[in-house]
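The values are calculated or read from the model by the stated rules, or taken from the named source; none is laboratory data. Fair warning: this is a prediction, and the values are worked out from it, not measured in the lab. Note that each Cβ is placed from the backbone with ideal geometry, even for glycine, and that neighbours are counted across all protein chains shown. Surface areas here come from the heavy atoms of the whole protein model, side chains and all, with no ligands, DNA or RNA. Shrake-Rupley method; radii C 1.70, N 1.55, O 1.52, S 1.80 Å.
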Amino acid sequence: MGCNCDNCNKCEYKNKIEEFDIKVDSKESIVIALAGNPNVGKSTVFNALTGLNQHTGNWPGKTVANASGSYMYKDKKFTLVDLPGTYSLLANSVEEEVARDFICFGKPHATIVVADATCFERNLNLVYQVMEITDKVVLCLNLLDEAKRKGIYIDIEKLEKELRIPVIGTCARKKEGLNELIHKVYNISLNKESYNPKKINYSDNIEKKIESLIPRLENILGNKIDLRWAALRILEGDTSIISSLSKYVYIEKEVD
Ligand SMILES: Nc1nc2c(ncn2[C@@H]2O[C@H](COP(=O)(O)OP(=O)(O)O)[C@@H](O)[C@H]2O)c(=O)[nH]1
Ligand SMILES: [Mg+2]
């Protein structure tokens, strides 16, 4: 199949979905990544949406299983990719590297982050990291029934304003909120709505370094990935991002 880049038609990306060994039934299918901490109801959401239309596989060269499945909404076919459950995307483990590479280089049309409403703060780390990589994020605030039982109330409207991304409250086990979720995913993935997620501001010295790195990275990477995110990873000394860049992104010029 062709490239999933939102920016061009004659794409020079090497990062096609098939590099990730994901079964996408047709070129027209819209690819949605499903990310989240372990045990937040990701598979429950995945199963509820895809039913029996599922494939399992392994990430190429990695021992982490992947599952992809499809569903239809408003005459469009969506391929949902269940990523390994992770607390972060800093590539500290194979699971984190797989999830990061798929969200960044697989170029899904949107990413759903499933979060546990009973301990939301712990989930925020991953939410912010996904928001650094892509603007096309939908937060699925799951386990609302458990949260209610524990006397935890989350103001969804306020959270949306704070994070500047859409937030849908769900109880996946009872299939509550899933229609709203797929509707929002439809709007975000087809660019019918767009958001500008809040980015974390770092200390002045880090921000200055980011600023000086971005033009150099732009020279090499163009707008193929979020440059601020790439700059942060490089400043952090993350060498795995360099190997992923050379694996998935076609680079025209040599790094000086
Ligand atoms: N009470 C409640 N339990 C849920 C909900 N969603 C998922 N679960 C349960 O939470 C556990 C973990 O779910 P699972 O989908 O396997 O989580 P994953 O590790 O993120 O894929 C399972 O026992 C689910 O039945 C929900 O909205 N409410
Ligand atoms: Mg699971």
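General remarks:
- Carbon + sulfur, % of accessible area of the chain - ligands and nucleic acids excluded, 1.4 Å: 47
- Each residue of the stretch 212-222 was assigned a 3J(HN,Hα) from its phi angle through the Karplus curve 6.51 cos²θ - 1.76 cosθ + 1.60 (θ = phi - 60°); the sequence is 6, 7, 4, x, 5, 5, 4, 4, 8, 9, x Hz, with glycine and proline shown as x.
- Using alpha-carbon coordinates, inclination of helix 178-189 to the longest axis of the chain, degrees: 20
- The residues of the chain have, on average, 50 Å² of accessible surface per residue, using a 1.4 Å probe with all protein chains present.
- On full extension, the segment bounded by ARG122 and GLU193 gains 22.8 nm, given 0.36 nm per residue less the C-alpha separation.
- Across LYS150/LYS192; LYS42/LYS107; LYS74/LYS224; LYS161/LYS184; LYS62/LYS184, pairs whose alpha-carbon gap is larger than 26 Å: LYS150/LYS192; LYS74/LYS224; LYS62/LYS184
- The stretch 204-248 shape via C-alpha gyration tensor axes, a/c threshold 1.5: oblate
- Once the Cα atoms are used to define both axes, helix 120-133 deviates from the longest principal axis of the chain by about 40 degrees.
- When exposed loop sites are taken as GluC sites (Glu not before Pro) in a DSSP loop with at most 13 other Cβ atoms within 10 Å, the longest stretch of the chain clear of them is 29-192.
- Each of the trypsin sites (Lys or Arg not before Pro) that DSSP puts in a loop and that has at most 16 other Cβ atoms within 10 Å breaks the chain; the longest unbroken stretch is 75-149.
- Placing +1 on the Cβ of every Lys and Arg and -1 on the Cβ of every Asp and Glu, with nothing else charged, gives the stretch 17-189 a dipole about its Cα centre of roughly 440 debye.
- Values of log10 I(q)/I(0), in the order q = 0.09, 0.10, 0.11, 0.16 Å⁻¹, for the stretch 17-189 under a Debye, Cα-only, solvent-free model: -0.27, -0.33, -0.40, -0.89
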